[in-house]
1. P(r) for region 25-170: what percent of alpha-carbon pairs falls in each 5 Å bin, starting at zero?
2. In what sequence, largest accessible area first, do C81, C26 appear using a 1.4 Å probe?
3. What do you reckon, how do S109, S17 stack up by accessible area (1.4 Å probe), largest on top?
4. Report, to the nearest whole %, how much of the accessible area of region 31-120 belongs to carbon and sulfur atoms, 1.4 Å probe, protein only.
5. Scale the Cα Rg of region 1-71 by the rule-of-thumb value 2.2 N^0.38 Å and send over the ratio, two decimals.
6. As a test of the formula, what do you get for the chain when each DSSP H run with n ≥ 4 contributes -39,500 (n - 2.57) and the sum is divided by the residue count, at 222 nm and rounded to the nearest 500 deg cm²/dmol?
7. Would you mind getting the accessible area per residue of region 12-128, heavy atoms of the protein chains only, 1.4 Å probe, in Å²?
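The values are calculated or read from the model by the stated rules, or taken from the named source; none is laboratory data. Because the structure is predicted, anything quoted here is derived from the model rather than measured. Note: areas computed on protein heavy atoms with side chains; ligands, DNA, RNA excluded. Shrake-Rupley method; radii C 1.70, N 1.55, O 1.52, S 1.80 Å.
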Amino acid sequence: ESCPYVMFCDQNCFAKSWNLRHKFECPIMSRLITMDFTKIELLSLRVLLQAKCQHLSWNDLFKTIELAEKVSDPKLKGFVCENDISVYDSKYYTSIHMFETNLEKRDNSDIFHRCVASAALLNMLIVYTSFFSDCPNMLEDILNIEENEYLWQAGGLMVHHNMTSASNMH
């Protein structure tokens with residue numbers, strides 16, 4: 001409610017945004033602005049925050065991803081079953097996650113830049129927010145990052161969304 005960087009149309013809009021992402025964006029907003037991240041990088045951050053907040057736990061999010069990636073029919077990638085009907089809707093993370101990355105069309109420099117930007121954003125979430133507070137053994141594993149599967153998964157998702165955002169945000 002005291003954030004100097006964003007405005008909300010009403011209390012309902014504030015509450016919805018707070019629960020979906022702003023509780024994690026707010027503590028790092030000044031850094032995001034100062035570091036001059038691109039719209040694509042900021043969108044990838046938002047997608048990760050919202051994806052996690054729309055799931056009960058990290059494991060729940062990972063299960064959604066696993067099920068989405070198991071779909072072999074290219075015509076059904078990104079669809080979810082709702083009342084026995086296949087639905088493609090951005091309100092479901094499955095639809096967003098299955099956007100095209102165009103990884104094979106990217107050069108090493110582009111991929112490297114996206115990885116570095118994603119690592120910087122992830123570091124801000126670790127250091128300045130409680131985004132990973134529900135991860136088992138986070139305090140012990142934070143000193144041993146290479147063994148923390150949640151950080152690796154989140155980092156991979158951040159890079160993934162950095163690429164899908166660039167290819168699909170229009």
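1. 2, 9, 18, 21, 20, 16, 9, 4, 1, 0
2. On the way: C81 100, C26 40 Å².
Descending order: C81, C26.
3. S109, S17
4. Details: 3190 of 5710 Å².
On region 31-120, the fraction of accessible area on carbon and sulfur atoms equals 56 percent.
5. Details: Rg = 14.3 Å, N = 71, 2.2 N^0.38 = 11.1 Å.
The reported ratio for this selection is 1.29.
6. Numbers: 8 runs with 91 residues, N = 170.
Taking each H run of at least 4 residues, the total per residue is -16500 deg cm²/dmol.
7. Working: 6970 Å² over 117 residues.
On a per-residue basis, 60 Å².
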